[in-house]
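The values are calculated or read from the model by the stated rules, or taken from the named source; none is laboratory data. Treat the numbers as computed from the prediction; the structure is a model and nothing was measured. Note that we place each Cβ from the backbone using ideal geometry, even for glycine, and neighbour counts take in every protein chain shown.
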Amino acid sequence: MKIIVIYGTNSGGTYLAAQIISEALTGLGHQVTIKNATEADHHELQNYDLVVMGSNTWNFSKEEGLPHEEIRKFLNKISYNNVPLENKNFAVYGLGDSSYMYFCGSVDVLEKFLSERQVKLVIPSLRIDGFYFRQAENTEKIRQWTENLGKLGVVGELGEDG
């Protein structure tokens with residue numbers, strides 16, 4: 001199966017999570033591409049069987065609980081260009097800090113955006129609390145989520161090579 005992982009990050013945690021996801025999915029025999037949202041082309045989403053999107057949660061312009069600015073720009077490109085996503089397979093992960101009012105608010109924003117475009121969220125979204133403070137524990141949580149993603153019927157149904 002062809003999978004793309006698109007992420008936005010400030011301190012590198014969301015990128016490290018993308019690498020963990022990629023390694024786990026590659027280990028299951030999938031072809032995985034990782035791209036920062038600044039490098040991703042919204043039209044290329046059609047070339048993949050599964051799109052995994054990840055973002056940290058941030059405070060922009062005094063508004064708390066938003067995805068990374070580059071993820072928001074990427075979503076705006078999808079909207080502006082009316083990129084068809086109906087029935088496309090997606091998974092979402094987010095990094096946050098539970099001491100804030102909107103823990104992993106980026107996940108909520110991504111889920112709402114994708115739901116409005118009638119995509120298939122193939123697994124419950126992953127919310128990581130304090131990635132760097134409990135990196136070993138969070139790495140295991142990401143691996144487990146990715147293994148569950150790989151065990152879904154989606155993997156076998158999406159393509160002969162998956």
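Brief remarks on what is shown
- Top-ranked residue of region 26-51 - restricted to ones that are touching a Ser or Thr at 6+ places or on another chain (Cβ under 9 Å) and β-branched (Val, Ile, Thr), ranked as surrounded by the most Cβ atoms within 10 Å (Cβ to Cβ): Val32
- Single condition Ala18 does not satisfy, out of (1) touching a residue at least 40 places away in the same chain (Cβ under 8 Å); (2) crowded, with 20+ Cβ neighbours inside 10 Å: (1)
- Whichever residue in region 55-75 is farther than 19 Å from Gly12 by Cβ and at pLDDT below 85 and, among such residues, is surrounded by the most Cβ atoms within 10 Å (Cβ to Cβ): Glu64
- Screening the candidates Asp41, Asp49 for the property of being in contact with a Lys or Arg (Cβ under 7 Å, 6 or more places away or on another chain) and either at pLDDT below 95 or farther than 22 Å from Asp129 by Cα (or both) yields one hit, Asp49.
- Test for Asp108: is it modelled with pLDDT of 95 or more and of a type outside the set (A, V, I, L, M): yes
- Leu95 satisfies every condition listed in (1) assigned to a helix (DSSP H, G or I); (2) under 24 Å from Leu25 (Cα atoms) except (1).
- Every residue from region 21-62 that is closer than 16 Å to Lys151 by Cα and either free of Cβ contacts under 8 Å to residues at least 12 places away in the same chain or among the small types (Gly, Ala, Ser) (or both): Ser22, Glu23, Ala24, Thr26, Gly27, Gly29
- Residue that is nearest to Asn148 (Cα to Cα), among those in region 1-15 that are surrounded by fewer than 19 Cβ atoms within 10 Å (Cβ to Cβ) and of a type in the set (Gly, Ala, Ser): Gly12
- Scanning region 100-113 for residues that are in contact with a helix residue (DSSP H, G or I) (Cβ under 8 Å, 6 or more places away or on another chain) and either surrounded by 22 or more Cβ atoms within 10 Å (Cβ to Cβ) or outside any helix (DSSP H, G or I) (or both) turns up Tyr102, Ser106, Leu110.
- Matching residues in region 114-126 - criterion: being in contact (Cβ under 8 Å) with a residue 12 or more places away in the chain, outside any loop (DSSP other than H, G, I, E, B) and surrounded by fewer than 20 Cβ atoms within 10 Å (Cβ to Cβ): Lys120, Leu121
- Number of the exception - Lys35 against (1) within 14 Å of the chain's Cα centre (by Cα); (2) at positive phi; (3) of a type in the set (Lys, Arg): (2)
- For Asp97: the one exception among (1) buried (at least 17 other Cβ atoms within 10 Å of the Cβ); (2) within 23 Å of Gln144 (Cβ to Cβ); (3) not small (Gly, Ala, Ser): (1)
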